[in-house]
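Worksheet: one structure, shown below.
Each reported figure results from applying straightforward, stated rules to the coordinates on display, with no laboratory input. Note that this is a predicted model, so its numbers are computed, not measured. For neighbour counting, all protein chains shown are included, and Cβ atoms are generated from backbone atoms with ideal geometry for every residue, glycine included.
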Amino acid sequence: MRGALYTLAWVVSSLVPLAAQSQTPAAPPAPSPEVQEAMSRIDSSHAAYIKAFGDGNADEVVAVYDSGATELLAKGRAVHGLSALHEYWGGWIKSVGRIKLSLVRDEFWLLGDRAFETGRYTTGYKKKDGTDGTVGGNFAIQWKRQGDGSWKILNPFDTPK
């Protein structure tokens, strides 16, 4: 009897890995309607942000930020508040000019009136010599839901690759 149990255990343990290998990995579950709505509204904010940089319009860039926003920059620097953000982005746009911005979301989390996303960006611009330049990297953004249901940037920053 004991030998039959060992044989049965061996057979079952041999089949389990085969069964696991033959199954297709399950697709991740679809986001909830609440997450889908937040992502859709944030996509609209992304579109406004991209258009504003393409138009070279600092007013429109800053309009996508929450009134309490802080842009977290390299080496521990930060730009806090809409006025400071307008000065920062206005100077940046004056220096670089219009850019073609592309944003691709990789991850997304919704926690009440806050959303967090990570992704990749690519920035196309004209160099001083007139040739096309491109720079890119990774980003993380904390978003804040506004009273009207729209979403605005609260804390954006570049992240390591």
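Some notes on this structure:
- Projecting the Cα atoms of Gln142, Ile153, Ser95 onto the dipole axis of the stretch 75-161, where Lys and Arg carry +1 and Asp and Glu carry -1 at the beta carbon, places Ser95 farthest toward the positive end.
- Net charge dipole, the stretch 31-159: roughly 460 debye, given to the nearest 20, about the Cα centre with Cβ charges of +1 for Lys and Arg and -1 for Asp and Glu.
- By the rule of a C-alpha distance below 17 Å, with chain neighbours fewer than 8 residues away ignored, the lysines paired with Lys127 are Lys94, Lys100.
- Length-normalised contact order for the stretch 31-159 - Cα pairs under 8 Å, 6+ apart - percent: 24
- Each of Ser40 and Glu60 was given a label point 7 Å from its Cα along the Cα-to-Cβ line. The distance between the two points is 2.4 nm.
- Total formal charge among the other residues, if their Cβ is under 12 angstrom from that of Glu71, Lys/Arg +1 and Asp/Glu -1: -2
- From phi via Karplus (6.51, -1.76, 1.60), per-residue ³J(HN,Hα) for the stretch 84-95 in Hz, x at Gly/Pro: 5, 5, 5, 5, 4, 5, x, x, 5, 5, 4, 6
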